[in-house]
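Each remark here refers to the structure printed beneath this line.
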Amino acid sequence: LIINTSSIGGLMGLPFQGLYSASKFAIEGLTEALRMEVAPFGIHVVLLEPGDFNTPFTGNRRETTADGASPYAQARARALAVIEADEGKGLAPEAIGPVLARIIASPAPRLRYQVGALEQRLAVLAKRHLPAGLMERVLRSHYKSG
C-alpha cells in the first residue's frame, strides 16, 4: 500500500497558490499512473487529499522582499488573508488518523480520500459539475482576488 499526500488544492488551481497547486497536480498524475502500473502486483496506491488544517504550516509561510513591489501585491495580500483564516479554522491534524486507518484496513482502497471542511469537499464536487468560468468566479470571490 502506497499513500501519497496531495491536497484539495491539487484538484483545482487556487489564486496565488499556483506553485503549490502545480506540485499537488503532479502528485495526482503520478499517483494515477503508478496505481495502474503496480496493480498487477497487488499493490494499492491511494491519494490522501486534505483541505485546510490548522498546523504550523501557516506560521512558517515566508514572504520575499519582492512581494510588496508586485502589481499583484494588493490582490495577493487579500487572498493570503483568506488563506490564513481558512487554515486557522481548519481541522485538527488528528482528523486524518481515522481516514488513514480506514485506508490501511481496506482490502480494496479507492483512489481518492478527501479530508477537510464540508465546504472544501463540496468545492471539489462543484468543480466537476459547474462550468469552468463559474467555478473560477466562485474561487476568485472566495479568495477576494478580483
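Using a cut-off of under 11 Å, list every residue of segment 9-38 whose amide N is near the label point 7 Å from the Cα of Y72 along the Cα-to-beta-carbon line.
14-20
How far, in nm, would the chain grow between E63 and A101 when pulled straight, counting 0.36 nm per residue and subtracting the alpha carbon separation? It would help to have the intermediate numbers written out before the result.
On the way: separation 38, 0.36 × 38 = 13.68 nm, distance 3.63 nm.
Additional length available on full extension: 10.1 nm.
Working out 0.36 nm times the residue gap between E119 and R140, then minus their Cα-Cα distance, what length gain in nm do you get to one decimal?
Working: separation 21, 0.36 × 21 = 7.56 nm, distance 1.53 nm.
The E119-R140 span can extend by a further 6.0 nm.
Taking 0.36 nm per residue of sequence separation and subtracting the Cα-Cα distance, how much length would be gained by fully extending the chain between L111 and S23, in nm to one decimal? It would help to have the intermediate numbers written out before the result.
On the way: separation 88, 0.36 × 88 = 31.68 nm, distance 1.82 nm.
Difference between extended and current length: 29.9 nm.
Could you work out which residue, out of Y113, Y72, Y20, moves most in a Gaussian network model of the chain, that is, has the largest mean-square fluctuation with Cα springs under 10 Å?
Looking only at Y113, Y72, Y20, the biggest GNM fluctuation is shown by Y72.
At a Förster radius of 35 Å, what calculated FRET efficiency corresponds to the Cβ-Cβ distance of K89 and L30, to the nearest 0.05? Intermediate results must be reported in sequence, preceding the final value.
Details: r = 30 Å, r/R0 = 0.86.
That gives a FRET efficiency of 0.70.
Only one of the listed values, (i) 17.0, 58; (ii) 22.6, 67; (iii) 16.8, 53, was derived from the coordinates as Rg and Dmax of the Cα atoms in Å; which label is it?
(iii)
Any read-out appearing in this document is the output of simple, stated calculations on the displayed coordinates, not a laboratory observation. Being a predicted model, the structure only gives us computed values, none of them experimental. Cβ atoms come from the backbone with ideal geometry, glycine included; neighbour counts cover every protein chain shown.
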